Each structure stands twice: as C-alpha cells, then as structure tokens.
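Undergrad: Sending over a structure as structure tokens; questions will come in a sec.
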Amino acid sequence: MKRPLRDLLRWAGLGLVVLFAIVILAAVAISFQGRQKLAKVRGELLAKGEKLTWSELAPRPVPDDQNVVADPIWKAPPNLSKNQETPWKEAPVFQLNSPLAEKERREFAKLFGADDMGDWLGVAWNSDLSDRKASREQANWILAAIAPYDPVLDRVHELLKRPSLRFGQNSDIYKNEAYSFGGGCLDVGKALSLRALANLALDNTDAAARDITDLLSLVEKMGNQSLLYMEMLRLGIAARVPSLIRAGISEHQWSAEQLVKFEAALRPIDFVAGIAQAFRGERGVRNQIIEEVRTGSRTVGDAHIIPDGKGWPYGNALVYACHTVFGPGDHAALNLDIQQIVEMLDRSREDGAQRIQIGAMLKTHNPITECLCCSFLYQLGGNIDVAVMEQTQLDQTRIACALESCRIKHGAYPQSLSALVPDNIPQLLVDRFSLALMKYQLTSADRFELSARSGEDTITWKN
C-alpha cells in the first residue's frame, strides 16, 4: 500500500476515534445535565407537596362493606371462568352486553338503524337517541332486552349506597384491576342510561330518576382514582346525563323533588379537578415505570411509554441509547410541564383554564430529544378540552334543574339567573374556560336557552 494512502487511512481512523470520543463526551454531558435538571425539578415538586410516584397516589384500600366494587357482580369466580386470561369478562356486570339472538338482532337493526350487532348496548347508547326521546316501541324493546339483568342493576343501586369505589392494586402497574374491571362501570352506565331513557319515554319518571341519580353517584364515586383511563370512563358515562334530564324538562315530566336530587347529585362532580388529578396520576405511573427501567426491573420494550425501535436495524439498541442520553432531561421536562398544566387547572376557578397557554405548552417539544414529553402530552392534551367542556354542560344542567324547579314553584321561568340564588342553586355558575357567567335567554314563555363560550366552542343547552 502506498504511503499517502496509508497516511490518509491513518488520519481518517484517527478522525473517527476523535469524533466518537466527542459524541461520547457530549452524550455524557447531556445525560449529566439532564440528571441535574431532573433532581432539581423533583426537589422543587416535593417541596410543593406533590406526590411523584403511583405508589403514593394510588387510592388506599377501604373495607369491603364500604367499597362499591367489593361484590361478586364485578368479578366472576375463578373456577367458573371460561377464560382464565380475562376472567372479569364472565362477571355479571359484563353480561349486560351479551350477544343478541337472531330475532332480537333484526328487531334491533330495524328500530335503531344499526348494522353492527356485536355491541348492541354501545350502538344503542351512541345512537341519536342521546339527543331525543325514544319512541314507545324502542322503549319497550330496550326494557325487554335489559330485563334479564335488572337484578344486576338493582344490586348496583344498593352498592352505590357505600361511600367508596376502590379497585384492587398490583405491584405491576399495568395489572391494576381498574384497567380490567373499569369497563364494567361503563357497561353499567350504558345500561342505566338506556333504561332511564326508556322509562322516561313511557312516563315512568320515578324509575328514570332513580337510574339517573345512580349514574351520577357512579360517576362521583369513580373520581379520585388518579388514572386517566378511569377519568375518561367517568366522562363517557356522564356525557348522556344532560340529554336525559333535558328530555324530561322539555316535557315538564320531572317533579320538584326529582330536580332537587339531580342538582344535588351533579354538584360534587368536578371534571376539571378530576383531569388534573388524573394527570398527576399518569405522571406518577411514568415516573415509577422509568425508575423500573433504570434499575433493570422492567425492560424498555415492556415499559410501553418509550417508543420502541421495531423495524429498524438495531432499533431497540438505538432507542435505548437515545433514552439513556436524552431520557433524564426529557423526564425532567415531563414532570415540570405536567406540573404547570395541573397548577393551571387547580387555579381555574379563579383564573379560568388557560387554554392558549396549555395548547402552546403541548406543542413545544422536540420529538427526538423530548420524545416522552412529545408523545405523552400530545396524547393527553385533548382530554383537557373534553373535561372542561363537559363540566360546562353539567353546570348548565344544574342551572336547568334550578330553572325548572323555579317554574314549578312560581308558575313561570325567571327573567334572570340571579333569581335562582340561593333558593334553587347556591351560586351563579360560570364557564370554566373564560369564567364568564352562563348566558340565559327566555325564547318563549315555556322555553329557555343557556349558552357559554367554552374554549373555541359555544355550548348551548335548550329545553
């Protein structure tokens, strides 16, 4: 080999060694700075009294006689389960959505205009019945379909007199019972809302009111679970309540006593506080799992919160290397950003939910150096809008109940909402985004409209 070529290769090799050394040193420096930042952020949050791991945030166990889900209707006996991997699917509450016989499927398709019979409860629940009253034919069909499971719903009614709802915990966060049995709460919510809709169409208002009150009690007791999954189930169950109560108000079917019970059951529900607590819980879950990855008790692939490298040459090795270098700083940024979001939500009663600031925060992350922040906050961001907007709808429903109570007592709707305070409602309610008072307009002697500018959307409630 000629000397110039040997010299060139020698210098090229030396250059690669130097470049590799620079990369290693830069990676060590970035990782070191990230660890310092993470330690500082943790110290600041702990000084504020924040709990940073799921173990600290997980709901504490309660005695069985105080726990709504400590009952056989939520869990199938293991020796009777047909599916050992998912035995919860054999529990009575999950049988509410059992497949329909062929004749029932045809009737269902005709009445509800649906093609998918795999989830009749879900299809009926999500049909346009959510915005109008059922026909008598639909109502009778719903009651007949649910009738075999009335004992389950009646047992739920009794269990909801217990003060707490706590699912069992597991040392492996992903095996928390809430992820398995929480879906049963949703099926119960669907069945109760459909039965209430059917009874209202048949003018069985006492039965309908009982189911609506049970729905709200279930939603209230499902709070404080510190899991986004459970908070989204709560939002889904509560979403049908305004339309159910509105249907009865439109026809003046509810009694004053029933309306007072609705308003009292709606009052303790606060989805803005709930989503803030869920964000804290999800932060705790990720903090704990990242620590498990760091200590080797959980692999990167099993963590499910760090993008994997499937399909790339040496993909997992590259992902792990990036996580090792950028992970501490990314982890620190995630903790800090979630703290800023939850503090904004905590202050929303005084300052409003700062939608613009929250939106900007969700978009300011580098997908390479802050992949955890970028993916996690992107997934969570839309849930803030959902929670605040649904809270506005529930607050409008409280006002509507108060308006109808006032009409029953005085023979007419009031000219302004201030006339409702304090006899019909403790205080005037506002939109949680803008803190503006709800707008109220009498559209006729027998009709009214409530509206609020919630974020980018105007939420309207008409009787």
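Any read-out appearing in this document is the output of simple, stated calculations on the displayed coordinates, not a laboratory observation. All values derive from a computational prediction rather than experimental measurement. Ideal geometry is used to build each Cβ from the backbone, glycine not excepted, and the neighbour counts take in all protein chains shown.
Undergrad: Please report E107, E220 as a ranked list, fewest other C-beta atoms within 10 angstrom at the top and most at the bottom.
TA: The order, fewest Cβ neighbours first, is E107, E220.
Undergrad: Can you run phi through the Karplus equation (6.51, -1.76, 1.60; θ = phi - 60°) for segment 388-402 and list ³J(HN,Hα) in whole Hz, with x for Gly and Pro?
TA: Running phi through 6.51 cos²θ - 1.76 cosθ + 1.60 with θ = phi - 60° gives 5, 5, 5, 4, 4, 5, 5, 5, 5, 5, 4, 5, 4, 4, 5 Hz.
Undergrad: If each residue's Cβ is checked for other Cβ atoms within 10 Å, how do T295, T460 rank with the fewest at the top?
TA: Result, fewest neighbours first: T295, T460.
Undergrad: On full extension of the chain, what length is gained from S55 through D203, given 0.36 nm per residue of separation minus the C-alpha to C-alpha distance?
TA: That pair, S55 and D203, stretches by 48.5 nm at full extension.
Undergrad: Each label point is 7 Å from the Cα along the Cα-to-Cβ direction; what then is the distance between the points at L16 and E291, in nm?
TA: Rounded to a tenth, the inter-label distance reads 4.3 nm.
Undergrad: So, R0 is 45 Å and r is the distance between the beta-carbons of E343 and S135; what FRET efficiency does that work out to, to 0.05?
TA: E between E343 and S135, to the nearest 0.05, is 0.40.
Undergrad: Run the simple label-point estimate for E251 and E350 please: 7 Å along Cα→C-beta, distance reported in nm.
TA: Between E251 and E350, the simple spin-label model gives 4.7 nm.
Undergrad: Label A47 and K439 with points 7 Å out from Cα along Cα→Cβ: what is the distance between them in nm?
TA: 4.6 nm
Undergrad: Let me ask something else. Taking amide H atoms as placed 1.01 Å from N in the peptide plane, list the residues 5 or more away in sequence, or in a different chain, whose amide H sits under 5 Å from that of V68.
TA: Those lying under 5 Å, H to H, from V68 are S164, L165, R166.
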